[in-house]
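Shown next, in structure tokens, is the structure this report addresses.
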Amino acid sequence: MKRSRVVLLIIVVVELVLIGMRYQKNGGFSAPVKSRVNKLELGNRTAVRQMETDLDTHSKDDWVNLGQIYTTFALMPEAEYCFKRATSLGSLTLEQQFKYGICLSRRGEMEKAIQMVLPVANSNNELAVHANQQIGFNLLRLNRRAEAEKYLRKAGADPISELSLARILIREDRVSEAIRVLDGLITRNPNSMRAHQMRSWAYEVPGDTYDKYEARVSYDHSMHTSGMIIIYPLSRDWDVDAVASMGSAKHMLASSVALQKGEFEKAVNEGARALEMIDPLWRPGYAEAMIDAHLANDEPVKALAYLSKWLIHDGESTRLWELAGDAFLAMDDEGKAEAAWLRGTRIRASKTFQANAEICHKLVQLYQTQGSQEKVTIYHAWHQYESGKLQWRDNNIREAIVSFTKASDVLVQEEQVWFYLAESQRALNDRASARESYEKCLVLNKHHGRAIVGLALVN
């Protein structure tokens with residue numbers, strides 16, 4: 001037994017020596033990288049494994065590219081290892097330094113990330129704005145607000161940086177400065193929900209700038225604006241682009257392009273390939289795209305099969321019932337199409353107002369073919385109401401008032417029609433008309449909380 005252990009030890013020592021000699025000779029291991037890529041969906045897993053297999057271990061750029069892909073898929077230890085290997089092969093370009101800094105940031109190594117990105121921020125490179133922004137964000141995570149402010153200001157008139165800067169100024173009780181920043185931001189981005197919301201917060205801070213009326217005006221604007229300034233830096237765009245170039249997303253993009261070109265069979269085939277690659281995962285967006293492709297390819301039965309899966313996985317929605325009605329109509333079953341669309345109109349909790357409007361429009365068309373004029377009138381009014389909500393959401397207030405007014409001429413017993421008309425009128429400071437509309441809403445529902453608040457504001 002003792003002799004066997006000695007022999008085993010000798011073998012291990014020899015192997016270690018040989019490995020060390022091979023490492024020195026080759027300037028590092030040349031074996032393919034093996035990551036935890038098995039956590040990814042099938043399509044992405046295959047694509048990343050191929051990158052690992054094709055990796056030239058003596059290429060700085062290959063290591064950087066692989067590191068960026070690992071960063072995208074949150075394989076952070078693997079990503080940092082790749083960037084370290086890249087630095088051992090030569091100096092990184094400014095863009096590569098920036099990518100390394102992003103990796104370090106996501107690893108939580110803020111100080112290292114700042115030092116890595118600092119040369120980019122101090123350069124004339126096109127990434128300098130993003131580098132200053134990234135440093136500012138990292139400093140905020142370190143709770144070094146004064147330094148963060150410096151770098152966020154260097155980022156210039158960038159909406160993401162300005163929102164972060166305004167937040168710092170509010171927290172530092174420099175509210176008037178925050179309001180100036182936000183006013184400039186709103187001038188350039190008038191439909192920014194977040195900017196209006198933050199402006200409301202600023203005016204609510206006790207002090208010289210406290211203004212209840214301005215706070216309320218900004219709050220109201222935030223409630224009917226849909227413009228979103230996405231709070232993430234350039235690196236997230238790179239993530240999106242990387243994912244779109246491989247795996248299931250690549251095939252789903254090809255499906256969408258084919259559908260737009262009228263290549264319906266190709267759209268179906270590419271979509272099916274995408275779904276194979278995510279199995280057993282489920283993505284409602286993929287299912288919706290496949291339904292659109294099958295309907296365009298005159299395959300309503302197959303579309304209904306996907307709709308059934310969608311219903312099982314995610315429950316009903318306005319959009320689901322709209323597509324179900326489309327499928328039934330394609331099968332010349334007007335009764336089921338009508339039933340599906342009517343079901344969709346009853347799902348008022350849907351976030352997709354557009355779907356509500358589309359369903360009402362399709363019901364109008366159906367009833368016109370059937371000669372049901374009374375139903376045409378009613379659902380045309382509902383279409384006006386849903387269109388008004390879209391216009392309200394997009395801050396097209398005058399157009400919204402026109403739509404809500406047309407709807408109220410028919411839907412006189414619908415409290416929400418009067419409420420949204422009142423809100424739109426108040427947004428344009430037509431206090432007398434708003435008061436009348438709020439009162440009509442409250443006659444129908446005396447407990448309508450938002451109408452009670454609105455009426456108090458115009459009295």
Collect the residues in region 60-112 that are under 22 Å from Arg36 (Cβ atoms), surrounded by 17 or more Cβ atoms within 10 Å (Cβ to Cβ), in contact with a Ser or Thr (Cβ under 7 Å, 6 or more places away or on another chain) and not aromatic (Phe, Trp, Tyr), keeping them in residue-number order.
Leu75, Glu78, Ala79, Ile102, Cys103
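Please verify whether Val301 is surrounded by fewer than 17 Cβ atoms within 10 Å (Cβ to Cβ) and among the β-branched types (Val, Ile, Thr), treating the condition exactly as stated.
Details: surrounded by fewer than 17 Cβ atoms within 10 Å (Cβ to Cβ): yes; among the β-branched types (Val, Ile, Thr): yes.
Yes: the conditions hold for Val301.
Considering every residue within region 193-205, establish whether at least one is touching a residue at least 12 places away in the same chain (Cβ under 8 Å), in a helix (DSSP H, G or I) and touching a Gly at 6+ places or on another chain (Cβ under 7 Å).
In the first step, residues of region 193-205 are kept if they are touching a residue at least 12 places away in the same chain (Cβ under 8 Å); the result is 193-203, 205.
Still in the running and in a helix (DSSP H, G or I): 193-203.
Then drop every residue that is not touching a Gly at 6+ places or on another chain (Cβ under 7 Å), which leaves 193.
Yes, region 193-205 contains at least one residue that is touching a residue at least 12 places away in the same chain (Cβ under 8 Å), in a helix (DSSP H, G or I) and touching a Gly at 6+ places or on another chain (Cβ under 7 Å).
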List every residue pair whose Cβ atoms lie under 6 Å apart, where the two residues are 6 or more positions apart in sequence or sit on different chains, the first residue falls within region 239-264 and is closer than 18 Å to Leu66 by Cβ, and the second residue, located anywhere, is small (Gly, Ala, Ser) and assigned to a helix (DSSP H, G or I).
Val243/Ala249; Met246/Ala47; Gly247/Gly43; Gly247/Ala47
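Could you list, in sequence order, the residues of region 168-192 that are assigned to a loop (DSSP other than H, G, I, E, B), touching a residue at least 12 places away in the same chain (Cβ under 8 Å) and either of a type in the set (D, E, K, R) or surrounded by fewer than 18 Cβ atoms within 10 Å (Cβ to Cβ) (or both)? Quick ask: steps written out before the conclusion?
Step one: filter region 168-192 for residues assigned to a loop (DSSP other than H, G, I, E, B), giving 172-174, 189-191.
Adding the requirement that they be touching a residue at least 12 places away in the same chain (Cβ under 8 Å) leaves 172-173, 189-191.
Scanning region 168-192 gives Glu172, Asp173, Pro190.
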Out of curiosity, is Pro300 modelled with pLDDT of 90 or more and of a type outside the set (Gly, Ala, Ser)?
yes
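Every residue, every condition in (1) under 18 Å from Gly43 (Cα atoms); (2) assigned to a helix (DSSP H, G or I); (3) assigned by TED's automatic domain parsing to the domain that holds Asn38; (4) at pLDDT 90 or above, yes or no:
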| position | (1), (2), (3), (4) |
| --- | --- |
| Leu259 | no, yes, no, yes |
| Gly262 | no, no, no, yes |
| Lys266 | no, yes, no, yes |
| Met290 | yes, yes, no, yes |
In region 311-360, which residue that is part of a helix (DSSP H, G or I) and touching a Ser or Thr at 6+ places or on another chain (Cβ under 7 Å) is modelled with the lowest pLDDT?
Ala355
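With Ser308, Ser235, Ser255 as the choices, which residue is surrounded by fewer than 17 Cβ atoms within 10 Å (Cβ to Cβ), among the hydroxyl-bearing types (Ser, Thr, Tyr) and assigned to a helix (DSSP H, G or I)? So that I can check it myself, show each step before the final result.
Details: Ser235 fails: surrounded by fewer than 17 Cβ atoms within 10 Å (Cβ to Cβ); Ser255 fails: surrounded by fewer than 17 Cβ atoms within 10 Å (Cβ to Cβ).
Of Ser308, Ser235, Ser255, the one residue that is surrounded by fewer than 17 Cβ atoms within 10 Å (Cβ to Cβ), among the hydroxyl-bearing types (Ser, Thr, Tyr) and assigned to a helix (DSSP H, G or I) is Ser308.
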Inspect region 90-109 for any residue being over 27 Å from the mean Cα position of the chain (by Cα) and farther than 21 Å from Asn125 by Cβ and give the result as yes or no.
no
Residues being among the hydrophobic types (A, V, I, L, M, F, W, C) and within 21 Å of Arg346 (Cα to Cα): count how many of those fall in region 376-408.
8
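The values are calculated or read from the model by the stated rules, or taken from the named source; none is laboratory data. None of these values were measured; they are calculated from a predicted model. Neighbour counts run over all protein chains shown; Cβ positions are idealised from the backbone, glycine included.
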